[in-house]
1. Out of the stretch 110-127, which residues are under 20 Å from Gly39 (Cα atoms), surrounded by fewer than 17 Cβ atoms within 10 Å (Cβ to Cβ) and at pLDDT 95 or above?
2. Do you know which residues across the stretch 26-49 are at pLDDT 95 or above and either over 20 Å from Ile85 (Cα atoms) or assigned to a loop (DSSP other than H, G, I, E, B) (or both)?
3. Could you tell me which residue of the stretch 26-42 is surrounded by the fewest Cβ atoms within 10 Å (Cβ to Cβ), considering only residues that are under 14 Å from Glu130 (Cα atoms) and among the acidic types (Asp, Glu)?
4. Please indicate, with yes or no, whether at least one residue in the stretch 82-96 is in contact with a helix residue (DSSP H, G or I) (Cβ under 7 Å, 6 or more places away or on another chain), within 22 Å of Leu129 (Cβ to Cβ) and at pLDDT 90 or above.
5. Considering only residues that are under 17 Å from Ser26 (Cα atoms), surrounded by 15 or more Cβ atoms within 10 Å (Cβ to Cβ) and not basic (Lys, Arg), which ones fall in the stretch 50-77?
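The values are calculated or read from the model by the stated rules, or taken from the named source; none is laboratory data. In this text the structure is predicted, and so the values were computed from the model without any measurement. Ideal geometry is used to build each Cβ from the backbone, glycine not excepted, and the neighbour counts take in all protein chains shown.
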Amino acid sequence: MRTTIKTLLLALPLMAAGFSASASDSAAGRWKTIDDETGRVKSIVEIAQASNGTLNGKVLQVLQSAQGPHPVCDKCDGANKGKPIEGMTILWNLRPDGTNKWANGTILDPAKGKTYSSKIALVENGRKLEVSGCIAFICRTQTWLRDQ
């Protein structure tokens, strides 16, 4: 009996480690976007998995904006023109593309009102997310931090 209890006690931390590792295998969750120039947190984006398995990202909160509090997408075209950036979907249709990678999606840069093809990759055990927006073969990559 004691051997069984000891075995269970030793197995619990290993099982917990397995659960936490699998949680970091998903890009779903809240992410802090970082301003390339200042290094400051710019916004909080929530990435969620859609029913078709793709990933989408929505701005939950804008923390830093040249427009001040509650900025709108004044440079956007179409349905997003003049809409609040908070609550706006800026990342959509990302499909799995290998381990901890998603690609073939689209990202919107609300500051410029432009969309780009997008890919993302989890790095550093899921603590960071490399987010790329590309035109043809020219890409710009930002590193987002997981929001605890």
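1. Val123, Glu124, Arg127
2. Residues satisfying the conditions are Ala27, Ala28, Gln49.
3. Of everything passing the filter in the stretch 26-42, Asp36 is surrounded by the fewest Cβ atoms within 10 Å (Cβ to Cβ).
4. Taking the stretch 82-96 and keeping what is in contact with a helix residue (DSSP H, G or I) (Cβ under 7 Å, 6 or more places away or on another chain), we get 88.
Going one step further and asking which of them are within 22 Å of Leu129 (Cβ to Cβ), we end up with 88.
Okay, now just the ones that are also at pLDDT 90 or above, so 88.
Scanning the stretch 82-96, I find at least one residue that is in contact with a helix residue (DSSP H, G or I) (Cβ under 7 Å, 6 or more places away or on another chain), within 22 Å of Leu129 (Cβ to Cβ) and at pLDDT 90 or above, so the answer is yes.
5. Restricting attention to the stretch 50-77, the residues satisfying the condition of being under 17 Å from Ser26 (Cα atoms) are 50-58.
Within this subset, residues satisfying the condition of being surrounded by 15 or more Cβ atoms within 10 Å (Cβ to Cβ) are 54-58.
Answer for the stretch 50-77, where residues must be under 17 Å from Ser26 (Cα atoms), surrounded by 15 or more Cβ atoms within 10 Å (Cβ to Cβ) and not basic (Lys, Arg): Thr54, Leu55, Asn56, Gly57.
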